[in-house]
């Protein structure tokens, strides 16, 4: 029974009470996320080509820097990146499986989020519209932005914050909820009505990471939602 309990335990939720980084490190991560949210909101509000490309560049650079800072904090406790990312087995079969899981997750997530967005009257605001790419150069940078968000945000929120909060509280559920609230707040540029919807979305991503014991399905789903979904939304809204 002990072996069964260990096997069912998600890889990114530790079995002991040791946090994965010092408290001061997590406080600085949250401050960096707040600064990124404020700066990207200002850039996305302008709405012209140069500010849009600048916004892409700022977010791409900042998210990789925050991810690197998290790596540094984990190294202080002797943990590797793999310890946060969970199981990442190689081979086309596992990749195909994760693609299928990601596609199924997006289907379920959008079914869940649809009624919430309608009740909250959540619609794309001007900042979100200004984020969408126009033209080939912007599309290329936007896809790079989507890939960065998929990798770094899953690593930051579902890998680092979720595990850190779960360890501090002794509750996986608390860790999932706390990181999802922060995830929603950090997307406040999309408007107050969207914070609830994005928080629920972050909670679903947290459950996916908890269930799969890996960040890879969430990274794939995140890229498909932001990258492919963003391009489709651009075609619909920017005619």
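Rank by packing, highest mean first: peptides 160-166, 36-42, with packing defined as the count of other Cβ atoms within 10 Å averaged across residues. Write out the running numbers ahead of the final one.
Values: 160-166: 25.7, 36-42: 16.1.
Ranking the peptides 160-166, 36-42 by packing returns 160-166, 36-42.
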- [ ] Calculate how steeply helix 23-44 sits against the longest principal axis of the alpha-carbon atoms of the chain, using the helix alpha-carbon long axis, and give the answer as 0 to 90 degrees to the nearest 10.
- [x] 10 degrees
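Give, in nm to one decimal, the length gained when the segment between residue 54 and residue 126 is fully stretched (0.36 nm per residue of separation minus the Cα-Cα distance). Numbers along the way, then the final one.
Working: separation 72, 0.36 × 72 = 25.92 nm, distance 1.69 nm.
This chain segment gains 24.2 nm when fully extended.
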- [ ] Please build a GNM for the chain, connecting alpha carbons under 10 Å apart, and tell me which residue among 25, 187, 121 fluctuates the most.
- [x] 121
Task: Square roots of five times the Cα gyration tensor eigenvalues for the chain, Å - done: 30, 20, 17
Task: Cα-projected label distance for residue 39 with residue 107, points at 7 Å along beta-carbon direction, nm - done: 4.1 nm
Task: Diffusion constant of the stretch 45-164 at 4 °C, which comes from Stokes-Einstein with the Kirkwood Cα-pair radius and 1.567 mPa s, µm²/s - done: 76 µm²/s
Open item on the list: Rounding to the nearest 10 and keeping the result within 0 to 90°, find how far the Cα-based axis of helix 192-212 lies from the longest principal axis of the chain.
Closed with: 40 degrees
TODO: Enumerate the residues in the stretch 206-239 having an amide nitrogen under 18 Å from the point lying 7 Å beyond the Cα of residue 144 toward its Cβ.
DONE: 223, 227-228, 231
TODO: Would you calculate a helix-derived [θ] at 222 nm for the chain, using -39,500 (n - 2.57) for each DSSP H run of n ≥ 4 and dividing by the full residue count, to the nearest 500?
DONE: -23500 deg cm²/dmol
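Could you rank the peptides 230-238, 145-153, 87-95 by their average count of other C-beta atoms within 10 Å per residue, with the highest value first?
Going from most to least packed, we get 145-153, 230-238, 87-95.
Ranked highest first by the average count of other Cβ atoms within 10 Å around their residues, in what order do 171-184, 64-77, 204-217 fall?
204-217, 171-184, 64-77
If I take R0 = 41 Å and measure r between the Cβ atoms of residue 75 and residue 137 in this structure, what FRET efficiency does the formula 1/(1 + (r/R0)^6) give, to the nearest 0.05? Don't skip to the answer; put the middle values down first.
Numbers: r = 37 Å, r/R0 = 0.90.
After rounding, the FRET efficiency stands at 0.65.
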Open item on the list: I want to check the label-to-label distance for residue 185 and residue 173. Put each point 7 Å from Cα in the C-beta direction and report it in nm to one decimal.
Closed with: 2.2 nm
Task: For the stretch 194-229 versus the stretch 92-130, the gap between their alpha-carbon centres in whole angstrom - done: 8 Å
TODO: Be a star and scan the stretch 114-144 for residues whose amide nitrogen sits under 14 Å from the point 7 Å along the Cα-to-Cβ vector of residue 233.
DONE: 114, 117-118, 122-134, 142-143
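Taking 0.36 nm per intervening residue step and subtracting the Cα-Cα distance, what contour gain separates residue 99 from residue 31 on full extension? Don't jump to the answer; show the numbers that get you there.
On the way: separation 68, 0.36 × 68 = 24.48 nm, distance 3.34 nm.
Result: 21.1 nm gained on full extension.
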- [ ] Name the most mobile residue of 103, 83, 140, meaning the one with the largest mean-square fluctuation, in a Gaussian network model of the chain with Cα contacts below 10 Å.
- [x] 140
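Since every read-out is calculated from the coordinates, none of them should be taken as a lab result. Since this is a predicted model, take the numbers as computed values, not measurements. Don't worry about glycine lacking a Cβ; one is built from the backbone with ideal geometry, like all the others, and counts go over all protein chains shown.
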